[in-house]
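Q: Please see the structure below; I have some questions.
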Amino acid sequence: MNMKRLLVPFLVFTTGLLVLVVTAGLLLFPSGSQQSAGKVPIGGPFRLTSHEGKPFTEENLKGKPFVVFFGFTHCPEVCPTTLYDLAQDMAALGKDASNLQAAFITVDPERDTPELMKTYLESFDPRIVGLTGTEEEIAAAARTYKIYYRKVPTDGGYTMDHSATLFLMDSKGEFYGTSNFQEPEETRRAKLRQLIKNG
């Protein structure tokens, strides 16, 4: 049997396998420098109006870790439940909550004026700031946080379909993680404590 004829396919196979293994390794276990350099592109500049009627940008949130949630005041269930849970979580954090900020950004600027946002948020925690703006400003903020929303016609007018994610951001305004209203209370609060500790 000709060993040379057997050796060539074997070398091709092992070389191909080595390339496959190395490539998979790079994808699954990137080098430390690649990991540290890679930031999740969520969050960034926005220009909106607070429920107090004042200009508000991402710079107003920096300096402390913060939570961002997109929703709307006419939301039947998810938004009030999420805001209620967030208010309860902040109360449970005690004095540590003073090191955390929270922003509720509307996806329904047509109805959610600063005045309405202010009235709506009185039912929750006073530390949660409500943010609204023009259609273009809201769309820009939504793009920054990679969230989905759209107007859905109903018999009585319309409602809003939207992403229901709490974005956890560090004190520099960089993405830290997420939470949502379906998580157990202990999980949500552990995430917030960790954010405050590391933020």
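Q: Among residues other than Lys39 whose Cβ falls under 14 Å from its Cβ, what is the net charge (Lys/Arg +1, Asp/Glu -1)?
A: 0
Q: For Lys95, list the lysines whose Cα falls under 23 Å from its own Cα; do not include residues on the same chain fewer than 8 positions away.
A: Lys62, Lys64, Lys172, Lys191, Lys197
Q: Viscosity 0.692 mPa s, temperature 37 °C: Stokes-Einstein D of the range 34-141 from its Kirkwood Cα radius, in µm² per second? Don't skip to the answer; put the middle values down first.
A: On the way: Rh = 14.5 Å.
Answer from the Stokes-Einstein relation: 226 µm²/s.
Q: Give me the net charge of Thr73's neighbourhood, meaning all other residues with Cβ under 15 Å from the Cβ of Thr73; Lys, Arg count +1, Asp, Glu -1. Show your work: numbers first, answer last.
A: Working: positive: Arg111, Lys118, Lys151; negative: Glu77, Asp108, Glu110, Asp112, Glu115, Glu122.
Computed value for this residue: -3.
Q: Here is a further query. If you add up the charges near Ser98, with Lys and Arg at +1 and Asp and Glu at -1, over every other residue whose beta carbon is less than 10 angstrom from its beta carbon, what do you get?
A: Details: positive: Lys64, Lys95, Arg127; negative: Asp96.
That sum, taken over residues with Cβ under 10 Å, equals +2.
Q: So what is Rg over Rh here for the range 119-193, counting just Cα atoms and using Kirkwood for Rh? Spell out each step's value before the answer.
A: Details: Rg = 14.9 Å, Rh = 15.0 Å.
Across the range 119-193, the Cα-based Rg/Rh ratio is 1.00.
Q: Please sort 62-71, 89-98, 42-51 by packing, taking for each peptide the average over its residues of neighbouring beta carbons within 10 angstrom, highest first. Can you show the working numbers first?
A: Details: 62-71: 21.2, 89-98: 14.0, 42-51: 19.0.
Packing proxy ranking, top to bottom: 62-71, 42-51, 89-98.
The numbers here are math on the coordinates, done by the rules we state, and not lab data. This one's a predicted model, so the numbers in the text were calculated from it and none came from an experiment. When we count neighbours, we look across all protein chains shown, and the Cβ atoms used for this are built from the backbone with ideal geometry, even at glycine.
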